[in-house]
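Chemist: Below is a structure I'd like to ask you about.
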């Protein structure tokens, strides 16, 4: 005797949050049942393993049906296939409203079926350890094939890895061709809360420029470090950043700006300017730090490093190495000199400001725009 | 052309990608009604087309309006090749034809394709302009209201109950037509869907005609079924109860008469609304009548069910009246009979006065009936037995009602719940079955030329409906004669069903024999002398007076005579000395005046006024019998010889399980027999209760046949102990206390009459006790189970293996559970389907066990699924079994889980106080609706004042929300969200991708949602929540309008079964889609709920080897608008503010 078919369909869709999480984590039905049995749900509800299996399979099917919709969240708002329990909805609405503090940007979230909304967040949520592995990689079939290695390395099930990867890819594909601010686009098309949308923006941005993040020297950086830097880059270095969101997209760096960065080379090629700059900085720093000597000794070296990075950014290939360059050319030398992050902050502040006092240096706007991002990125990345 | 149908195609959304190159679709729409087709322009390159078409107008006969659905086809335009169909929408416009139902269909409807399922949605507007047609020869019956609900619908009251209406139509099944070999599966499915739509429309129209003929204006308890007979065709048949209904005046008035309309209130407030009734005796005299037109030997068996062990089924040659009666013909059946006297009922019966002429007409026609039919004579014959009844008054009463009833061919009623005072006595279950051989198609060659789109069976299958009619007629006659044998003149809770396997078909009918008051059947008041003489017996005269007040004008006082509510219906209707089956009679435990049987079985719902001790529970008897494979007549004979035994065993099982639970009555009994090639399946479900009026059931005693063996003795005594323990446990579980402690009954909400009845009883007990000792109940008459063979041992094991429901759960298959009243508004309707594959070569016992486990496990799964709703009751648990193919058993369950508050119902005063409180709050809210901060404050005030605050939930706002009045809370939330939304509209620039959730959370009057919808239809509007329930009511809410019947038929087929998640994935999606379509159609009618929902057909076929599967689903129900009771009072305020709101909202968008 065997069960050939077994379905349960409610007028309002019942979703078990615990099982949903198991599904997202890529557990097979059998594994999920085991986890649930260990969780003690059987004793609680006088159920047998058979019942639990049937329930889990049923839930998994519901999620799979739901998944199709989750891929196009905008449709969720007026989809007819699932109905959400009204009372539960009332509770969820209120909780969400509280959480959102009536933030008008999050209205989208409250307005439609909150219940599915939660599924949505969870569906689009990702593991930092996973994203760290694929950050900056091309979101291609090739990368997807390598996911089993990632899965082994991170201990996240392959299924879950695939889902997360596909999410990245889906968002990337949609956003790629859209105009306007990146984060806003993601939020509107995928109805994600602010923070999650920002993270996705970072992922898309990294994937687009194929930033190198996998090198050993970069291993100490977390996804959140990169996401922060990506935010800086998106907000300051893209076309959208200056053009007030007209026409162009956020995904690409401002070519003109990159071109202009070459002009900064004068800071290291002109010997006078370099010395003058050094003097100004040293004067400002003197007495304010314990590591003044090291700073003074290293000034030319560090300055060369930063300006060279700027000058090279016009080549797409060098953009990829942006972070590794920052680490090699600036962070590592500073660290070997035992600079604290306060020291680095002090140094970079004066380094940036002093350039404006230089007589022959004309590229103030570009300099500010460049150094603003560099400074905040370095400060964020300057940790163990 | 008395009707103009207008349709407008507004927009589409979420269309599938039809053009791979561009990832877009060039969609246009064809709108078809009858033979007329209109097209919209092509809206190029969009998945969300905005057609915004002109109004397409169809000028048609109202006959066509009733028969035909409006067919909307969405296509993808293709310049070079044929246009591809995206999908279709069938819209039943019947609800628009009745003035009291919906006025417009407007909303987003899913576009459905039989191969791909739902593919996007389309927004349409449909209206109908009807012109009055006073032509008495007309074939249409617009204006007759149809209800699936098997009681008088909530916002109506019955002026007259006319009686049974039935009709059937037959056609060739397109699936079996010659052309099916060359057309695509899609074309074939669509042909079938369309045909069934047409046939249901026609069937409804014909039934409507019969109703008008009888002088009624509505059909209640409308039950429509399909018989997919395969080669021999497709039968669509329907039965119902014709009534004259009167709408109870709207809101303000209803608020003052809540008794009439709200079921829960009925229970709470007016238990005295009593049908005075007599006697009861559960007999299940289930005759199995088998005679096919080809089988010459027919027989009829009556299985007396209340037998003690060891009794054998008695065969008795029944007095089946073979005489076929000439029925007055209707319509096409007998065109010769002139309909000259057709009632000039106006098309839209707006005034009730217009019914009086038709009423008088109905009498006229029934008298002509009498002339035509032989019924009166047969009536006389059995009248003799009625005459023998004890008490001349009873006889008088009977004669009167009888005369009213016997003018009808079949005194049957599909109702299961009755207006107070209608049901007098219940006799017991009567049922009849008949095994028939389906005829093969006569002339397949004809199929080639025939177009299947019209129902022109007259041409060659002309005799088909005749044959089927004759079959059913036989069975109904049988039922009628059984009812007579029980001393009853009517059958209530009547239903018919079939089970088909290859060419064998089992027709079944069952109902409850009963004696009814003629009040709703005759016009004039009845004999007063008779009433007076009965009056002294009336214990609760106050109660009945109140009822009369409610019942209004037509209420003749004639039948308020008899005794107490809550026990009257149990009193036996038959002659004590002439019992049609072995039974033990005792004096009623409530009134001590009349005789009652020891057990009572019925197919109806528990009358709301019945006195019940404790709670009830679902009781199921399950049985499997193997059968040899056979063909044709041999097969039919084999089946007919098996049936009586099957029925008998089911009955014994039911009886045992009933005793085991310490209960004495079954309600809602439904026995389903399913036939397969190698087995017969029987499933009997019912709700067991302890009727206070009936004697306490004896225990179960086990007797071994060989007392010599000591171990055997021991074995028996352990079993006996087990059984006794189980009985005790069950008594505790269901709160069944012996009648002496009757004060603690939870089921009887009003203390006063109860106390009185107790006093009355104790008084009578003291006086009668001695004389009644011989009729005593106690353990003396314990039910004896003899273990004389393995079968009996199996039986006992089966008895004990039924696992109890987990804590916090109750289950029943009736509308309500006795003893539970304080329902919350949380309901969850669900459908669950399981298919089991059996191993070959199982014994009967093995099969039984498997089948029983299957059902048990299914129940267990349900309890687990719904654990979040505890404490809750699964109501209307409706099991359907089928044998889709050899070695497969399919069980489908549809039910509703309703949670309730564990606490005892509050006192009335307290409740009303609370209500006003809520009302005040709601009003507050309404006023403050545009002020965010203030509003938040109000919501924080509310819960503190709520007396019912139960569970403290995590978040601080929700902690303040009382668990009970979600309804009002949800509403508040929604209004508050609406505000946010308004703000959002002003704040946010750019596209609004998602819109409000307000409509779904707020069960507001239609005006509001309507206007909202129409305002928004262009900018992707929100989805309204539509509740679905198999019950006739929604707890905590009041139905304010019935919008019409929902009757939908869908076919889904796939040839990529694995890709769709296997059979389970396929069916899961399909059922979810069916729900979605039902909800969408109800919402389009302006409704927010479906009541009396049922899934009447779920035929699933698979062929895993070919990766194919097909499924047919037929669902029905009544679309309604409901309002939460808590809001009822403040509705006017709400509507006002709603209008302001809407206009604001409109500006915002």
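The values are calculated or read from the model by the stated rules, or taken from the named source; none is laboratory data. Just so we're clear, the structure is a prediction, and the values are computed from it rather than from any experiment. Neighbour counts run over all protein chains shown; Cβ positions are idealised from the backbone, glycine included.
Each row is one residue, and each column tells you yes or no for (1) modelled with pLDDT under 90; (2) surrounded by fewer than 16 Cβ atoms within 10 Å (Cβ to Cβ); (3) within 14 Å of chain A (Cβ to nearest Cβ); (4) assigned to a loop (DSSP other than H, G, I, E, B).
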site: B:5; (1), (2), (3), (4): no, no, no, no
site: B:8; (1), (2), (3), (4): no, no, no, no
site: B:12; (1), (2), (3), (4): no, no, yes, no
site: B:16; (1), (2), (3), (4): no, no, yes, yes
site: B:21; (1), (2), (3), (4): yes, yes, no, yes
site: B:28; (1), (2), (3), (4): no, no, no, no
site: B:32; (1), (2), (3), (4): no, no, no, no
site: B:37; (1), (2), (3), (4): no, yes, no, no
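Chemist: Any residue in segment A:63-74 that is more than 7 Å from chain B (Cβ to nearest Cβ) and over 28 Å from the mean Cα position of the chain (by Cα)?
Modeler: We begin by selecting, within segment A:63-74, every residue more than 7 Å from chain B (Cβ to nearest Cβ); these are A:63, A:66-73.
Applying the additional criterion that residues be over 28 Å from the mean Cα position of the chain (by Cα) yields none.
The answer is no; no qualifying residue exists.
Chemist: Check whether at least one residue in segment B:873-890 is in a helix (DSSP H, G or I), surrounded by 18 or more Cβ atoms within 10 Å (Cβ to Cβ) and within 12 Å of chain A (Cβ to nearest Cβ), and report yes or no.
Modeler: The answer is no; no qualifying residue exists.
Chemist: While we're looking at this one, here's another question. Cβ contacts < 7 Å: first residue in contact (Cβ under 8 Å) with a residue 60 or more places away in the chain, restricted to segment A:269-289; second residue in a loop (DSSP other than H, G, I, E, B), any location; separation 6+ or different chain. Result?
Modeler: Sorted first by the residue in segment A:269-289, then by its partner, the pairs are A:273/A:358; A:273/A:360; A:273/A:361; A:276/A:358; A:277/A:358.
Chemist: Let me ask you something else. Residues A:87, A:55: which one is crowded, with 18+ Cβ neighbours inside 10 Å, within 7 Å of chain B (Cβ to nearest Cβ), at pLDDT 80 or above and in contact with a helix residue (DSSP H, G or I) (Cβ under 9 Å, 6 or more places away or on another chain)?
Modeler: Going through A:87, A:55 in turn, the sole match is A:55.
Rundown of residues vs (1) modelled with pLDDT of 90 or more; (2) crowded, with 22+ Cβ neighbours inside 10 Å; (3) closer than 23 Å to residue B:196 by Cβ; (4) facing chain A (nearest Cβ under 10 Å), yes/no style:
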position	(1), (2), (3), (4)
B:1028	yes, yes, yes, yes
B:1035	no, yes, no, no
B:1039	yes, yes, no, no
B:1045	yes, yes, yes, no
B:1067	yes, yes, yes, yes
B:1070	yes, yes, yes, yes
B:1073	yes, no, yes, yes
B:1079	yes, yes, yes, yes
B:1084	yes, yes, yes, no
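Chemist: Being under 21 Å from the mean Cα position of the chain (by Cα), free of Cβ contacts under 8 Å to residues at least 60 places away in the same chain and at negative phi is true for just one of B:858, B:862, B:838. Which residue is that?
Modeler: B:862
Chemist: While we're looking at this one, here's another question. If we scan segment A:93-112, do we find a residue that is within 32 Å of the chain's Cα centre (by Cα), more than 10 Å from every other protein chain (Cβ to nearest Cβ) and at pLDDT 80 or above?
Modeler: no
Chemist: Looking at (1) in a loop (DSSP other than H, G, I, E, B); (2) farther than 20 Å from residue B:1076 by Cα; (3) touching a residue at least 12 places away in the same chain (Cβ under 8 Å); (4) within 13 Å of chain B (Cβ to nearest Cβ), can you tell me which one residue A:26 breaks?
Modeler: It fails just one condition, (4).
Chemist: For segment A:29-62, give me the residue count where each residue is under 30 Å from the mean Cα position of the chain (by Cα) and not in a helix (DSSP H, G or I).
Modeler: Residues flagged as under 30 Å from the mean Cα position of the chain (by Cα) and not in a helix (DSSP H, G or I) within segment A:29-62 amount to 0.
Chemist: Same structure again: For segment A:2-19, does any single residue satisfy the condition of being over 29 Å from residue B:1027 (Cα atoms), within 33 Å of the chain's Cα centre (by Cα), part of a helix (DSSP H, G or I) and more than 9 Å from chain B (Cβ to nearest Cβ)?
Modeler: no
Chemist: A further question on this structure: Within segment B:666-686, take every residue that is more than 16 Å from residue B:622 (Cβ to Cβ) and modelled with pLDDT of 90 or more and give me the one that is surrounded by the fewest Cβ atoms within 10 Å (Cβ to Cβ).
Modeler: Taking segment B:666-686 and keeping what is more than 16 Å from residue B:622 (Cβ to Cβ), we get B:667-668, B:677-678.
Applying the additional criterion that residues be modelled with pLDDT of 90 or more yields B:667-668.
On the way: B:667: 29, B:668: 24.
Across segment B:666-686, the extreme among qualifying residues is B:668.
Chemist: Residue B:73 fails exactly one of the following numbered conditions: (1) in contact (Cβ under 8 Å) with a residue 60 or more places away in the chain; (2) surrounded by fewer than 22 Cβ atoms within 10 Å (Cβ to Cβ). What is the number of that condition?
Modeler: (1)
Chemist: Kindly indicate whether residue B:164 is within 22 Å of residue B:1092 (Cα to Cα), modelled with pLDDT of 85 or more and out of contact with any helix residue (DSSP H, G or I) (no Cβ under 9 Å at 6 or more places or on another chain).
Modeler: Considered against the rule, which asks whether it is within 22 Å of residue B:1092 (Cα to Cα), modelled with pLDDT of 85 or more and out of contact with any helix residue (DSSP H, G or I) (no Cβ under 9 Å at 6 or more places or on another chain), residue B:164 comes out as no.
Chemist: I've got another one for you. Taking segment A:335-370, which residues are surrounded by 16 or more Cβ atoms within 10 Å (Cβ to Cβ) and either touching a strand residue (DSSP E or B) at 6+ places or on another chain (Cβ under 7 Å) or more than 23 Å from residue A:293 (Cα to Cα) (or both)?
Modeler: Once the filter is applied, which keeps residues that are surrounded by 16 or more Cβ atoms within 10 Å (Cβ to Cβ) and either touching a strand residue (DSSP E or B) at 6+ places or on another chain (Cβ under 7 Å) or more than 23 Å from residue A:293 (Cα to Cα) (or both), segment A:335-370 yields A:361, A:363, A:366, A:367, A:369, A:370.
Chemist: Let me ask another. Just checking, how many residues over segment B:1-45 are on the phi > 0 side of the Ramachandran plot, within 36 Å of the chain's Cα centre (by Cα) and free of Cβ contacts under 8 Å to residues at least 40 places away in the same chain?
Modeler: 1
Chemist: Let me ask something else. Here is a list of conditions, (1) touching a helix residue (DSSP H, G or I) at 6+ places or on another chain (Cβ under 8 Å); (2) in a helix (DSSP H, G or I); (3) under 30 Å from residue A:36 (Cβ atoms), and residue B:858 meets all of them except one; can you say which number that is?
Modeler: Of everything listed in (1) touching a helix residue (DSSP H, G or I) at 6+ places or on another chain (Cβ under 8 Å); (2) in a helix (DSSP H, G or I); (3) under 30 Å from residue A:36 (Cβ atoms), residue B:858 misses just condition (1).
Chemist: Still on this structure, I have one more. Do any residues in segment A:299-315 that are crowded, with 19+ Cβ neighbours inside 10 Å have Cβ atoms under 8 Å from those of residues that are not in a helix (DSSP H, G or I), where the two are at least six apart or on different chains, and which pairs are they?
Modeler: A:313/A:253
Chemist: Considering each of B:1114, B:1105 in turn, give the residue that is in a helix (DSSP H, G or I), over 19 Å from residue B:1025 (Cα atoms) and away from chain A (no Cβ under 13 Å). Steps first, answer last, please.
Modeler: Values: B:1114 fails: in a helix (DSSP H, G or I).
Matching residue, one of B:1114, B:1105: B:1105.
Chemist: Then there is this: Go through segment A:26-47 residue by residue and tally those that are touching a helix residue (DSSP H, G or I) at 6+ places or on another chain (Cβ under 9 Å) and modelled with pLDDT under 85. So that I can check it myself, show each step before the final result.
Modeler: Filtering segment A:26-47 for residues touching a helix residue (DSSP H, G or I) at 6+ places or on another chain (Cβ under 9 Å) gives A:26-33, A:35-37, A:39, A:41-42, A:44-47.
Narrowing further to those that are modelled with pLDDT under 85: A:41-42, A:44-47.
Residues meeting the conditions: 6.
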